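J.: Quick one: structure below, then a few questions.
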Ligand code: SF4
């Protein structure tokens, strides 16, 4: 089956005065038509750089795409000119950002902003674009769409602005919607509504969605598959069920333990942060990038980068513990205790 999007061995560096930051390393994944894939990881894990590269939004320089391909409907986006990329963006791929205020034009009525996207990408007349824009405002659940069409962004609440952003992003019925932390700035009730809306739109117009988040609760609610990123690399990919029921990477275990549990009574049970900090991406370690923070680290981990190991169909992890010759995680800890 041809995938809607296929990223192969992507590498992105950033040139700085201090050297080159290896922001994305050997990243490969795919997204199928109409599917919701979440990318999770801490800040600096490479999630946003990856999607900005897909959208052609990273500035070159300072960024250098030093390896890989990004196939969208079979065409390598990395070979397109800026003009060709602009045609793809907005009509076939569109993006919803974390803060709608920075991406909405505060001097332009919301309705006009949606209509403009339709005129540019769909060649509609002004009247047709207005009619479709009102329909889009209705589709994302904003009441009184005719009235709202005439209002400015500051007249909308935070949740409504995020909905308006989604309606601009979906105006041209893109094949792929990339949502970068779309609900982080919203309170929990509105967050749930926006996620519900995205799921609903996927059902209605079969848009595939890449959802970037650091919140595994959001993943459980929304996504079908999950990509876990750490230090610019993918460390685990699997279905949502497997990530929660059978995770195979110590970093994923750490993320799962750090989900806040509001039903827990003691502080200790509520939040267990992962100790330590991510490695310096100017000169990443030659072995496993998680080794300095991993309580299961073995000698080989310091020395050799773990390859991507298949756990089951559609589930893989980059961790030496999944090598059939590796001791079980508990044994690694036991051995560590004995030798210390
Ligand atoms: Fe930990 Fe080694 Fe697995 Fe890396 S490869 S996550 S250091 S056990």
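J.: Report the semi-axes of the equivalent ellipsoid for segment 37-102 in whole Å, largest first, where each axis is √(5λ) for an eigenvalue λ of the Cα gyration tensor.
T.: 19, 16, 13
J.: Another question, then. At q = 0.10, 0.14, 0.17 Å⁻¹, what log₁₀ I(q)/I(0) does segment 1-122 have when each alpha carbon counts as one equal point scatterer in the Debye sum?
T.: Log-scaled intensity ratios, in q order: -0.37, -0.71, -1.01.
J.: Here's another thing I want to ask about it. Expressed as a rounded percentage, what relative contact order does the chain have, with Cα pairs under 8 Å and six or more residues apart?
T.: Relative contact order, the chain: 19 percent.
J.: Oh, and also: Considering the chain as a Gaussian network with a 10 Å cut-off on Cα pairs, which listed residue, 215, 280, 180, attains the greatest mean-square fluctuation?
T.: With Cα springs under 10 Å in the chain, the top fluctuation among 215, 280, 180 is at 280.
J.: Continuing with the same structure: More than 22 Å apart: what percent of Cα pairs in segment 176-258 qualify? All intermediate terms of the calculation are to be shown ahead of the outcome.
T.: Numbers: 919 of 3403 pairs.
For segment 176-258, the share of Cα pairs beyond 22 Å comes to 27 percent.
J.: Expressed as a whole percent, how much of the Cα-Cα distance distribution for segment 15-63 exceeds 12 Å? All intermediate terms of the calculation are to be shown ahead of the outcome.
T.: Details: 850 of 1176 pairs.
Within segment 15-63, distances greater than 12 Å cover 72 percent of Cα pairs.
J.: A further question follows. Treating the angle as unsigned and between 0 and 90°, give the value, to the nearest 10°, between the Cα long axis of helix 329-339 and the longest Cα principal axis of the chain.
T.: Tilt relative to the chain: about 40 degrees.
J.: Can you tell which of 36, 274, 234 shows the greatest fluctuation in a Gaussian network model of the chain with Cα springs below 10 Å?
T.: Comparing 36, 274, 234 in the GNM, the peak value goes to 274.
J.: Arrange 86, 25 by Cβ neighbour counts within 10 Å, fewest through most, would you? Working shown, then result.
T.: On the way: 86 14, 25 22.
Ranking 86, 25 by Cβ neighbours within 10 Å, fewest first, gives 86, 25.
J.: Moving to a separate point now. Using alpha carbon centroids, what distance separates segment 290-333 and segment 42-111, in Å?
T.: When both Cα centres are located, 33 Å separates them.
J.: With both partners inside the chain, how many of the DSSP beta bridges are antiparallel, as a percent to the nearest 5? Before the final figure, lay out the partial values.
T.: Working: 30 of 49 bridges.
So the antiparallel bridges amount to about 60 percent of the total.
J.: Would you mind ranking 251, 17 by Cβ crowding within 10 Å, fewest neighbours first?
T.: In increasing order of surrounding Cβ atoms, one gets 17, 251.
J.: Please report, for the Cα atoms of segment 113-213, the Rg to one decimal and the Dmax as a whole number; what are they, in angstrom?
T.: Expressed in Å, the Cα Rg and Dmax of segment 113-213 come to 13.1, 39.
J.: Using only the alpha-carbon atoms, how far is helix 110-122 inclined from the longest principal axis of the chain? Give it as 0 to 90 degrees, nearest 10.
T.: Taking the Cα atoms of the chain, the angle to 110-122 is about 80 degrees.
J.: Moving on to the next point. What list do you get for 201, 80 if you sort them by fewest beta carbons within 10 Å?
T.: Exposure proxy ranking, most exposed first: 80, 201.
J.: A further question on this structure: Quick one: check the C-alpha center-to-center distance for segment 1-28 versus segment 220-247, whole angstrom.
T.: 19
J.: Using a Gaussian network model of the chain with C-alpha springs under 10 Å, which one of 107, 53, 213 is most mobile by mean-square fluctuation?
T.: Checking each option, the largest mean-square fluctuation is seen for 107.
J.: How large is the convex hull of the C-alpha atoms of segment 58-182 per residue, in Å³?
T.: Numbers: hull volume 15.2 nm³, N = 125.
Given the Cα convex hull of segment 58-182, per-residue volume reads 121 Å³.
J.: For all pairs of alpha-carbon atoms in the chain, what percent lies in each bin of width 10 Å, listed from the first bin to the last filled one?
T.: Over the chain, the share of Cα pairs per 10 Å bin runs 5, 23, 31, 24, 12, 4, 1, 0 percent.
Every read-out reported here was derived from the displayed coordinates using simple, explicitly stated rules and does not represent laboratory data. Keep in mind that this is a model prediction, so the values were computed, not measured. Reconstructed Cβ throughout: ideal geometry from the backbone, glycine too, with neighbour counts over all protein chains shown.
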